[in-house]
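Peer 1: Shown below is the structure under consideration.
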Amino acid sequence: MTGPSRPVLDSRRVRAARLEATGLRGPGTPGLPAAVERLLAVQGQELQPALWGLSRRVDAAARPDRAAANRSLADGEVLRTHVLRPTWHLVRPADVRWLLELTAPRVARLMASTERAWDVGDLGPGVDAVAAEVAAGPRTRAELKGALLARGVLAADAPGIVFTQTLMHAELRRLVVSGPPPAGRPEHHQVYAAFDDRVPAGYGPLGERFDAEAAVLELWRRYLPGRAFATVGDLRLWSDIPLADLRRGLAVLRDAGEVVEVPGAGDLEGLTLVGTTSVADRWLDDPGRHAPGTTRPEVDLLQAYDELLMSYRETRHVVLDPALPPPDRAGAFVHSLAVDGVVAGRWRWPANPPPGGLVDVEVQWLRDATGSEPEALSEQVTALAAYLAPTAA
């Protein structure tokens, strides 16, 4: 007589596992830097909404407000730079160097197509000038632009993309990284500092020397625990590492018994999802104990590029309702409202919230709100108000 078969890995189970793994459900982290470390890298071009999203992954007793979240950046506990893809990410200092070594060459190649389209010339002199400026101390973006103009390495009539690409190449070459804000401007994060002043020597978890194969293994080991179940294609989109390299790394982890590969079912049929052995044991062996869904809906005000949305490629649809249009980041309503992990609307980040007052969050539901969903949304809006403008104790 054979034992009971393992349950299928369908969208509902995957969605519940991801809500927990990404930190939106279950135990939180002891602080915002730990939330970043849990996810390895967090897409952060919408900086203030990204910090809000990270704060929701912190234990309630230690949850930071907006000022505390911004201090994590100012103090260098979390750094912001272009890595993985040609966009901003928030990363812990110990992870910046090895992630850039692994992904910067491919990011630079992607940037090259944009530079060709704009007929951008040699950016080398500008990159060198940026490095020379920050060697004397942190500089704001405006200060760096003025210095490059004064040095004659940036033409006054150059399109804005020339300066932007120059700064990005300085980041990719590990010459600059986000720096502390100017005095009296705690949320000014367009500041650059010398890379080695903010990033520890060595390659973090890899040790003193960089090894590409070891870096891919570390990528898998750090990506999966914070994402629950994902395909190789999911990690391919998130990291921009070639599929062949990812598959070789996965084979090593499979042979070592560190991961489990599970066939998908339902709208995941035909896909193979990967999870760590501990995640698989938790979510596959005892389905009743972890049955997703509650009698009361839970609403999340997600930033536009929340890792629940952006960490996946082939399986991103598990957080989308097929009856609704996909998230649209056009216009001001770029952020997503999710009900029990399924996108059900869009919302707009509040501008200039009143000190200690209520925050008016504009929401566009993609369907009619039902039952106690408006009440659950109201609770999230109250939490956002407390985060943005905490009242004095």
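The values are calculated or read from the model by the stated rules, or taken from the named source; none is laboratory data. Just so we're clear, the structure is a prediction, and the values are computed from it rather than from any experiment. In this analysis, Cβ positions are derived from the backbone assuming ideal geometry, glycine residues included, and neighbour counts consider all displayed protein chains.
Peer 1: With the condition kept exactly as written, say whether any residue in region 78-98 is assigned to a helix (DSSP H, G or I), at pLDDT 95 or above, closer than 23 Å to Gly204 by Cα and in contact with a Ser or Thr (Cβ under 8 Å, 6 or more places away or on another chain).
Peer 2: At the first step, the residues of region 78-98 found to be assigned to a helix (DSSP H, G or I) are 93-98.
Restricting the remaining residues to those that are at pLDDT 95 or above gives 93-98.
Restricting the remaining residues to those that are closer than 23 Å to Gly204 by Cα gives 93-98.
Adding the requirement that they be in contact with a Ser or Thr (Cβ under 8 Å, 6 or more places away or on another chain) leaves 96.
Yes, region 78-98 contains a residue that is assigned to a helix (DSSP H, G or I), at pLDDT 95 or above, closer than 23 Å to Gly204 by Cα and in contact with a Ser or Thr (Cβ under 8 Å, 6 or more places away or on another chain).
Peer 1: While we're on this one: Select from region 225-245 the residues that are over 30 Å from Pro27 (Cα atoms) and among the aliphatic types (A, V, I, L, M) and write down the one among them that is surrounded by the most Cβ atoms within 10 Å (Cβ to Cβ).
Peer 2: Per the criteria, the residue is Ile241.
Peer 1: Quickly run through region 53-63 and pick out the residues that are of a type in the set (A, V, I, L, M, F, W, C) and surrounded by fewer than 24 Cβ atoms within 10 Å (Cβ to Cβ).
Peer 2: To start, the set of residues in region 53-63 that are of a type in the set (A, V, I, L, M, F, W, C) comprises 54, 58, 60-62.
Val58, Ala60, Ala61, Ala62 - these are the residues of region 53-63 that are of a type in the set (A, V, I, L, M, F, W, C) and surrounded by fewer than 24 Cβ atoms within 10 Å (Cβ to Cβ).
Peer 1: When you look at Asp157, is it among the acidic types (Asp, Glu), surrounded by fewer than 21 Cβ atoms within 10 Å (Cβ to Cβ), assigned to a loop (DSSP other than H, G, I, E, B) and at pLDDT 95 or above, yes or no? Steps first, answer last, please.
Peer 2: On the way: among the acidic types (Asp, Glu): yes; surrounded by fewer than 21 Cβ atoms within 10 Å (Cβ to Cβ): yes; assigned to a loop (DSSP other than H, G, I, E, B): yes; at pLDDT 95 or above: yes.
Judged against the criteria, Asp157 is a match.
Peer 1: Which of (1) surrounded by fewer than 16 Cβ atoms within 10 Å (Cβ to Cβ); (2) modelled with pLDDT of 90 or more; (3) in contact with a strand residue (DSSP E or B) (Cβ under 9 Å, 6 or more places away or on another chain); (4) within 29 Å of Ile241 (Cα to Cα) does Pro326 not meet, given it meets every other one?
Peer 2: The one condition Pro326 does not meet is (2).
Peer 1: If we keep just the residues of region 263-290 that are within 16 Å of Ala16 (Cα to Cα) and among the hydrophobic types (A, V, I, L, M, F, W, C), which is modelled with the lowest pLDDT?
Peer 2: Leu284
Peer 1: Part of a helix (DSSP H, G or I), closer than 18 Å to Thr87 by Cβ, touching a residue at least 60 places away in the same chain (Cβ under 8 Å) and basic (Lys, Arg): is that true of Arg174 in this structure? Step through it out loud before you land on a result.
Peer 2: Values: part of a helix (DSSP H, G or I): no; closer than 18 Å to Thr87 by Cβ: yes; touching a residue at least 60 places away in the same chain (Cβ under 8 Å): yes; basic (Lys, Arg): yes.
Considered against the rule, which asks whether it is part of a helix (DSSP H, G or I), closer than 18 Å to Thr87 by Cβ, touching a residue at least 60 places away in the same chain (Cβ under 8 Å) and basic (Lys, Arg), Arg174 comes out as no.
Peer 1: So Arg80 fits all but one of (1) under 24 Å from Asp197 (Cβ atoms); (2) within 17 Å of the chain's Cα centre (by Cα); (3) surrounded by fewer than 20 Cβ atoms within 10 Å (Cβ to Cβ); what number is the exception?
Peer 2: It is condition (3) that Arg80 fails.
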